[in-house]
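Q: Starting off with a structure, shown below.
Derivation of every value follows stated rules applied to the coordinates shown; laboratory data play no part. Predicted model, so just to flag it, every value in this text is computed and none were measured. Every residue, glycine as well, gets a Cβ built from its backbone with ideal geometry; the counts of neighbours run over all protein chains shown.
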Amino acid sequence: MYNVVYYKSRWPEISSSHTVQSAKLVKNIIELSSLNVTLGQSDILRDLSLQIPAAQWCSIVGPSGCGKSTLLRALAGLIEGTAEKFVTDFKTPAFVFQDPTLMPWRTVRDNVVLPLELKGSSDGRRPRIDMLSIQETIECVGLNSDDLIKFPRQLSGGMRMRVSMARALVTQPDILFMDEPFAALDELLRQQLNQLIHEICRTQRLTTLFVTHNVSEAVYLSDRILVMNLEGTIVSDLEISLPPQRTPDLRGSALYISQVNEVTQRLQEAMQ
Amino acid sequence: MSRNEIRQFLLPVLFLIFVLLVWQLADYVFEIKRIILPSPLEIAEESWKKLDDLMKATFVTGLAALSGFAISICLGVTLALLFSISKLAKQSIYPYMILLQTVPIVAIAPLVIIWFGGGLSSVVVIVTVISIFPVVTNVTTGLTTVDVGLTELMHLYQASRSDLLFKLKLPNAVPYLLTGARISSGLTIVGAVVGEYMAGHDIDSRGLGYFIFMSNQNFQVEVLYASILLSTLLGILMVGLTALVGKTILSRWAYPLHQG
C-alpha cells in the first residue's frame with residue numbers, strides 16, 4: 001500500500017504535480033525521481049532522484065546552503081515540490097529538529113504526548129494516551145520519570161534534546177527525519193546522544209534520514225551517505241561498510257578512517 | 001531585603017518628603033497665592049473635608065476604567081483572532097488599527113458623546129477606544145509569530161485548524177496578551193478621566209475627571225490637586241494589578257518570564 005504524504009504548507013505556494021504511479025511492490029520506503037523544489041524565486045533542489053530502503057540509516061551531507069534541510073522537509077511532506085515520481089511507504093513520520101522545539105507552556109510529559117493528542121484528534125476520536133508506553137519512551141531516551149512534570153526551561157540543553165527525541169519516538173514511527181540534531185550541544189554530549197539514537201533505530205529497524213555537516217559523525221552512524229552539491233542535487237551515493245553495531249572503538253579502525261577520508265574527498269569535490 | 005533594595009525603596013520616599021517640605025516652606029516664606037500653588041497641608045486639609053466625595057469619585061473612575069479594560073481585552077482578542085485567521089481582514093483593516101492609535105483621544109471624545117450620550121456608557125466607550133489597540137496589536141503578533149519548528153511539527157502530525165489554534169497559536173499568544181494588557185491598563189485611567197471630564201457629569205457617573213473639571217471651574221485648586229494625585233494612584237494600582245495577574249499566569253503556566 002502506498003501512501004503519498006502531502007500536506008498543505010504555509011510557505012510560498014508552489015504549483016505541484018506529484019504524479020503517483022501505482023508501482024509494483026518494493027521494499028523501498030521512499031522512491032522519488034527528478035524532484036524539484038523552488039522556494040520563493042530560487043531553485044533549491046534540482047532533478048533529484050532517490051530511493052531509500054526500509055531500516056536504513058541514510059545521512060545527507062553537503063556544503064551549507066545545498067538544500068539538505070529542504071530535501072529532508074520535502075521527503076517528510078512539509079514542503080511542496082514537483083516530481084516525476086514521489087512514492088512514500090510510511091505512515092507515521094517523526095522529525096527531530098536542530099533545536100529541541102518544545103512548547104514552553106507544556107510540561108515534559110505534555111510535550112511528549114503532543115503527537116498522540118494530534119493523531120487522536122485527526123482520527124476523530126479521543127486521544128488514547130498510554131502512560132506505560134510514555135514511561136518506556138522517557139526511560140529509553142535517558143530521562144527519569146521525575147522529569148515528566150518539569151517544564152522545558154527547567155532542563156538543560158541536552159535534556160531538552162532528549163525530550164525532543166522522546167516526542168519523536170512516542171508515536172512508534174516508521175521513519176525518523178533528523179535535521180542536524182544535537183548540533184548546538186557540546187561534542188561529548190552529541191556523541192552520547194548520537195550513540196543512543198543509533199541504538200534505538202538499529203534495534204527497532206527504524207528507517208532514518210539524518211542531515212549533518214559532520215563527516216565523521218555521518219560515517220560513524222550511517223549505512224549510507226548521500227553527498228549533495230550546491231546545485232541542489234545528489235553527486236555521490238556511498239555505502240558505508242562497518243558492522244551494524246557501532247561502538248566507540250570503531251573510530252580508531254583503519255576501515256572507518258579510510259571511509260571518512262573518502263567521504264571528505266567527495267564532499268570537497270562537491271564544493272567546487 | 002538587601003541593602004540595595006532598601007536604598008531603592010527609601011531614596012524615592014526621602015526625596016518626596018524633601019520636595020513636600022521645600023514646597024510647604026516656600027509657600028510659607030514667599031506667601032504664594034493659594035490659587036497658584038496651595039501648600040501640601042492646605043491640600044490635605046481640603047481633601048480630608050471632601051474625603052467621601054473624592055473616594056466615591058475614585059471608585060466610579062476605577063469602575064469605568066475596569067469595565068472598558070474588560071471590553072478591550074475581549075474585543076481585542078476577538079479582532080486579533082480574526083486577523084490571524086483571515087489574511088484579507090488583516091491586510092485591509094490592520095493598518096487602520098495602527099493609524100487610529102495616533103488620533104488624540106480628546107479629539108474622538110466629543111464624537112463618542114454625540115453617539116452614546118453623556119454618562120457612564122460614553123466614558124466606558126472612550127476607555128475602550130484608548131485601550132484596545134495595544135491588545136489587538138500584541139495579540140495579533142502573538143498569534144502570527146509562532147516558532148517555525150513547532151508549526152512544522154503540527155503539520156507533520158496533520159494537526160487540524162482548531163488544534164493549530166488551541167494547542168499552538170493561542171498558548172503562544174498568552175505572554176503577548178499580558179504585555180498588551182499591561183500597556184492598556186495604564187491607558188484606561190487616562191481614558192476614564194478624559195471621558196469623565198467631557199461626558200461624566202451625570203449624578204451617578206461623577207468620577208475624578210468630573211472633579212478635575214468642576215474644581216477647575218470653581219477655583220477649588222486643592223480638590224484639583226487631590227484629584228490628580230488620586231487618578232495617578234489609580235493608574236499605578238491598575239498597572240500594578242495587571243502586572244501581578246500577568247506574572248501569576250506566566251509562572252503558573254510556566255512561560256519563561258522574559259518572554260513577551
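Q: Where in chain B are the helices, taken as whole DSSP H runs, whose Cα atoms extend 27 angstrom or more along the long axis and whose Kyte-Doolittle mean reaches at least -1.0?
A: B:3-30, B:51-85, B:120-144, B:170-199, B:221-252
Q: For B:145-153, what's the mean count of beta carbons from other chains sitting within 10 Å of each residue's beta carbon?
A: On the way: counts 0, 0, 6, 5, 9, 7, 5, 12, 13.
Per residue, the number of nearby Cβ atoms from other chains is 6 on average.
Q: Sort all Cα-Cα distances of region B:1-91 into consecutive 10 angstrom bins from zero, then give the percent of pairs in each bin up to the one containing the longest distance.
A: 13, 18, 20, 23, 14, 10, 2
Q: Using alpha carbons only, what's the Rg to Rh ratio of region A:50-120 with Rh from Kirkwood?
A: Here the Rg-to-Rh quotient is 1.01.
Q: Once you order the gyration tensor axes a ≥ b ≥ c over the Cα atoms, which shape class does region A:138-272 get: rounded for a/c under 1.5, otherwise prolate or oblate by comparing a/b with b/c?
A: In terms of gyration-tensor shape, prolate.
Q: Next question. Roughly what % of Cα-Cα distances in region B:79-190 sit above 16 Å, to the whole percent?
A: It works out to 65 percent of all Cα pairs.
Q: How about A:Lys150: which lysines have a C-alpha closer than 25 Å to its C-alpha, ignoring those fewer than 8 places off in the same chain?
A: A:Lys119, B:Lys167, B:Lys169, B:Lys247
Q: Hey, another quick one. Going by how many other Cβ atoms sit within 10 Å of their own, how do A:Ser64, B:Ser86 line up, fewest first?
A: Taking fewest neighbouring Cβ atoms as first place, the list is A:Ser64, B:Ser86.
Q: Output the Kirkwood hydrodynamic radius of the protein assembly as shown, Cα pairs only, in Å rounded to one decimal.
A: For the protein assembly as shown, inverting the mean 1/r across all distinct Cα pairs yields 28.0 Å.
Q: Checking the a/c ratio against 1.5 first, then a/b against b/c, what shape does the Cα gyration tensor give for chain A?
A: Oblate.
Q: Net charge near A:His213: determine it from the other residues with C-beta under 10 Å of the C-beta of A:His213, scoring Lys and Arg +1 and Asp and Glu -1.
A: Numbers: positive: A:Lys68; negative: A:Glu180, A:Glu217.
Residues close to A:His213 contribute a combined charge of -1.
Q: Binning at 5 Å from 0, report for region B:42-252 what percent of all alpha-carbon pair distances ends up in each bin.
A: 1, 8, 14, 16, 16, 13, 11, 8, 6, 4, 3, 1, 1, 0, 0
Q: Let me ask something else about it. Percent relative contact order of region A:168-272, based on C-alpha pairs within less than 8 angstrom and at least six residues apart?
A: On the way: 100 pairs, mean separation 25.0, N = 105.
Taking the mean separation of contacting Cα pairs over the length of region A:168-272, I get 24 percent.
Q: Alpha carbons only, please: Rg and Dmax for region B:124-167, in angstrom.
A: 15.2, 46
Q: Placing unit charges on C-beta atoms (Lys and Arg positive, Asp and Glu negative, everything else neutral), compute the dipole magnitude of chain B about its Cα centre in debye, rounded to 20.
A: Computed about the Cα centre, the dipole is about 820 debye.
Q: Under 19 Å from a point placed 7 Å out from the Cα of B:Ser86 along the Cα-to-Cβ direction: which residues of region B:113-157 have their backbone N that close?
A: Answer for region B:113-157: B:136-137, B:139-141, B:143-144.
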